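So the structure is just underneath, and the comments pick up after that.
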Amino acid sequence: MAPIEPIDMTSPPILPYFDFILAMLAQANRSVETSFGRHVHFGFWTDPKTATGSDDDYARAAERLSLELCQAAHIASGDRVLDAGCGFGGTLAFLNERHRDMYLVGLNLESRQLERARQLIQPAAGNALELHQGDACALPFADASFDRVLAVECIFHFPSRARFLGEAFRVLRPGGTLALSDFVPSTLALPIARAATEAPMLARYQYFGRCNIGCTAAGYRRLIRRVGFEPLAERNVTRNILPTYRYLKGLLSHAAAIDGITGPVTHFLEVLRAASALGLLNYYLMAFRKPADGI
Ligand SMILES: C[S@@+](CC[C@H](N)C(=O)[O-])C[C@H]1O[C@@H](n2cnc3c(N)ncnc32)[C@H](O)[C@@H]1O
């Protein structure tokens, strides 16, 4: 049988899209502030036909994606929650605004993003907040120290899915849950997805940094079984996130040209949108549970 996780990306990621977002935020760009000032992830529209393309509509849809994942993880007041790859801390801010007596922990590789998260989130209602700089594949936390772990649209950047899942399992208490979102290729598209992950010729499109999009839904099921998780939820929500591509295209067309990459990135987004519409590259929300007797 082919290995489940053949692509292990070892060097730290360079994410030019965060340079762009941070530069736009520094210039007080209102569109970027509204759509990506809090969450840096795709929008989720319960009814995609209602998407308007406006900044506010996008911000609501991005908030909705956080809600869907928090619900998938069964997060409730009083929980100890780790958000791995927390970005600007939007999902932690969302939890802080809705729950009480939470122990909220964000971990991210990049200090600039954590700095913004520190400014965005003022812990309220008995909630405590900690932000750590670090790698999601080597979590600096004790075994069984969390009730919930989230990884919102970031696992494809991590050096290894298998290592992150193993680390999430370790830091969860027995009965604890992990929820994540990821780009998941169909089995038919897997060879292309793996080639796209590795191809140096795609370097000029790597505005989105190093992305491993080479794990199918079946690959995930094998991976989580191997780690010891039980499946809790698996939803292909591709149709719910599709309006994101139109919004991103509009945003880029109004942005100042980014050193020769605005054009290729716009084309790349078209390819991703078409692949998603055809069911070749899907967007999944998934949740897993560490068995109650898991150690
Ligand atoms: C698409 S953004 C999502 C950010 C955030 N989860 C959100 O939903 O707004 C991907 C994030 O993964 C982070 N990241 C990439 N590799 C990482 C790693 N090995 N460990 C921790 N964070 C990482 C990036 O810095 C970035 O913040």
| request: Take the alpha-carbon centre of the range 169-201, take the same for the range 98-168, and report the distance between them in whole Å. | output: 18 Å
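Which order do the peptides 152-160, 114-122, 241-249 come out in when sorted by mean C-beta neighbours inside 10 angstrom, highest first?
Working: 152-160: 22.1, 114-122: 16.3, 241-249: 20.1.
In decreasing order of mean packing, 152-160, 114-122, 241-249 become 152-160, 241-249, 114-122.
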| query | How high is the relative contact order of the chain, in percent, with contacts defined as C-alpha pairs under 8 Å that are six or more residues apart? | reply | 21 percent
| query | Listed highest first by mean packing, meaning other Cβ atoms within 10 Å per residue, what order do 36-42, 128-134, 182-188 come in? | reply | 36-42, 182-188, 128-134
| query | At 10 °C and 1.306 mPa s, what whole-number value in µm²/s does Stokes-Einstein give for the translational diffusion of the chain, with Rh from the Kirkwood sum over Cα pairs? | reply | 82 µm²/s
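Rounded to the nearest 20 Debye, what is the dipole magnitude of the chain about its Cα centre when Lys and Arg each give +1 and Asp and Glu each give -1 at the C-beta? Each step should come with its number before you reach the end.
Working: 30 positive and 29 negative charges, 103 e Å.
Roughly 500 debye for the chain.
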| Within a Gaussian network of the chain (alpha carbon springs, distance under 10 Å), most fluctuating of 189, 72, 179 | 189
| query | What relative contact order, as a whole-number percentage, does the range 108-164 give when Cα pairs under 8 Å and 6 or more residues apart are counted? | reply | 36 percent
| query | Of 149, 271, 237, which is the most mobile in a GNM of the chain whose springs link Cα atoms less than 10 angstrom apart? | reply | 271
| said: How would 33, 97 line up from fewest to most surrounding beta-carbon atoms within 10 angstrom? | reply: 97, 33
| query | Which of 46, 252, 149 sits farthest toward the positive end of the charge dipole of the chain, with +1 on the Cβ of Lys and Arg and -1 on the Cβ of Asp and Glu? | reply | 46
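Which order do the peptides 190-197, 104-111 come out in when sorted by mean C-beta neighbours inside 10 angstrom, highest first?
Numbers: 190-197: 17.6, 104-111: 20.4.
Per-residue mean Cβ counts within 10 Å order the peptides as 104-111, 190-197.
Sum -39500 (n - 2.57) across every DSSP H segment of at least 4 residues in the chain, then divide by the residue count to get the 222 nm mean residue ellipticity, nearest 500.
On the way: 11 runs with 118 residues, N = 295.
It comes out at -12000 deg cm²/dmol, rounded to the nearest 500.
Quick note: the coordinates plus some simple rules give every number you see, no bench work behind them. Keep in mind that what you see is a predicted model, and the values were worked out from it rather than measured. In this analysis, Cβ positions are derived from the backbone assuming ideal geometry, glycine residues included, and neighbour counts consider all displayed protein chains.
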